[in-house]
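For reference, the structure discussed in these notes is given below.
Readers should treat all values here as calculations from the given coordinates under stated rules, not as data from a laboratory. Every value quoted in this text rests on a predicted model; they were computed, and no experiment measured them. Here the Cβ is made from the backbone with ideal geometry for all residues, glycine too, and neighbour counts use every protein chain on show.
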Amino acid sequence: MSTSLSNISAAKMALAKASTLQDVLEIRDKAEAIRVYVKAAAESLDTQNAAAEIKLRAERKAGEMLAAMEKAKNNQYTKVQGDTMSPSKLESFGITKKQSSRWQKESSVSDDKFEAWIAECHEDKKEVTQSGLLSLAGAGHVSSATGENEWYTPSRFIEAARQAMGSIELDPASCQEANVAVKAKRFYCIADDGLSKRWKGNVWLNPPYSKDLCFKFITKLIEERDSGRVTQAIVLVNNATETVWGQMLLKASSAICLPAGRISFVSKDGKTANSPLQGQMFCYMGDFYDMFFEAFAGIGVCLHGQAAADRIGSIKRIVSTLEAYEAAIVRDWILETLS
């Protein structure tokens with residue numbers, strides 16, 4: 001274990017001094033090798049996370065360098081922190097386009113946000129992973145209220161939501177560009193602070209996907225639905241059923257649609273993004289889940305949610321009670337007639 005920690009410490013110092021992309025990549029590969037080794041050796045989670053942290057720090061630094069290359073892509077050759085290279089020749093460094101894209105997304109997370117996430121992982125004894133960082137960056141999903149990326153829900157799904165509810169009266173986590181497709185009668189952007197407003201009517205919600213904000217938006221929706229101000233709602237989120245907010249949402253939903261494939265979101269200029277790292281789900285709150293089933297039947301498997309199951313169970317119990325009551329009345333009438 002002491003050798004592993006020594007190697008991790010050396011890699012951390014080397015990364016701080018690295019000035020070329022090649023140096024950063026070598027440190028990243030060494031950190032990944034250490035991470036794989038300590039995990040296989042069943043060393044402590046802290047040791048595994050220390051190696052994973054160096055790997056991600058190296059990927060973020062590489063992402064910054066690659067982003068600088070992208071900005072200068074019209075030049076034949078570009079000098080990036082000590083490296084002279086052609087932006088179109090990633091393969092000469094052993095980098096795939098997918099790696100370049102992911103590392104640049106990792107680097108888009110602010111330093112404060114990244115450090116807070118790392119500290120949270122250590123404090124909560126959670127594994128530090130690339131997928132966790134990409135989720136923090138909003139990779140492969142729409143999170144228009146954050147202002148950090150401009151990927152929007154394809155109109156096909158928005159129209160299905162409109163068909164299911166009859167209208168979209170409010171989008172509380174949106175922006176002007178996103179509302180071109182959503183066509184909500186009212187929307188709140190980040191400056192409006194949708195969490196501080198009252199929500200009413202039929203709501204379309206694709207919340208920011210950071211853990212804290214997603215939890216707050218789901219909690220707010222459930223509160224507004226329970227108050228009676230929100231009539232119906234359809235929520236598009238990652239299918240993170242293991243999370244607290246995921247369980248809350250599933251319990252409050254009348255119907256759920258699990259899309260047949262991962263949703264590729266659309267950029268401001270109409271380009272389709274690569275397939276995201278995680279699948280999604282649509283959750284419906286309201287009384288007209290049959291309309292939801294009809295609208296989303298061609299999108300994926302549709303299921304009754306907990307709220308609908310509870311309601312159906314209550315109705316069955318009422319019907320059973322009424323049937324028993326009616327049977328008792330008929331029985332008494334027959335006995336009275338025969339006596």
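Quick notes on this structure:
- Under 5 Å from the amide H of residue 202 lie the amide H atoms of 169, 170, 231, 232, each residue being 5 or more positions distant or on a separate chain, with H modelled from the backbone and absent for Pro and chain starts.
- Modelled FRET efficiency - R0 35 Å, residue 195 with residue 119, Cβ distances, 0.05 increments: 0.90
- Computed over the range 151-304: relative contact order in percent, which uses C-alpha pairs under 8 Å that are six or more apart: 25
- Estimated FRET transfer efficiency when R0 is 30 angstrom, pair residue 101-residue 293 (beta carbons, to 0.05): 0.25
- The modelled label-to-label distance between residue 301 and residue 243, using points 7 Å beyond Cα along the C-beta direction, is 2.2 nm.
- Backbone geometry of the range 279-285 corresponds, through the Karplus equation with coefficients 6.51, -1.76 and 1.60 at θ = phi - 60°, to 3J(HN,Hα) couplings of x, 10, 8, 9, 10, 10, 10 Hz, x marking Gly and Pro.
- Cross-link table 200/251; 98/185; 39/216, entries beyond 30 Å C-alpha to C-alpha: 98/185; 39/216
- Taking a ≥ b ≥ c as the square roots of the eigenvalues of the alpha-carbon gyration tensor, the range 151-304 is classed rounded because a/c is under 1.5.
- Modelled this way, with points 7 Å down the Cα-to-C-beta line, the labels at residue 226 and residue 92 are 6.1 nm from one another.
- Label point distance in nm, residue 110-residue 159, each placed 7 Å from Cα along Cα→Cβ: 3.8
- For residue 152, the amide hydrogen comes within under 5 Å of the amide hydrogens of 266, 267, counting only partners 5 or more places away or on other chains and with H modelled in the peptide plane.
- Residues whose placed amide H lies under 5 Å from that of residue 187, excluding near-sequence neighbours: 171
- Theoretical gain in end-to-end length, residue 271 to residue 42 [0.36 nm per residue, Cα-Cα removed]: 78.1 nm
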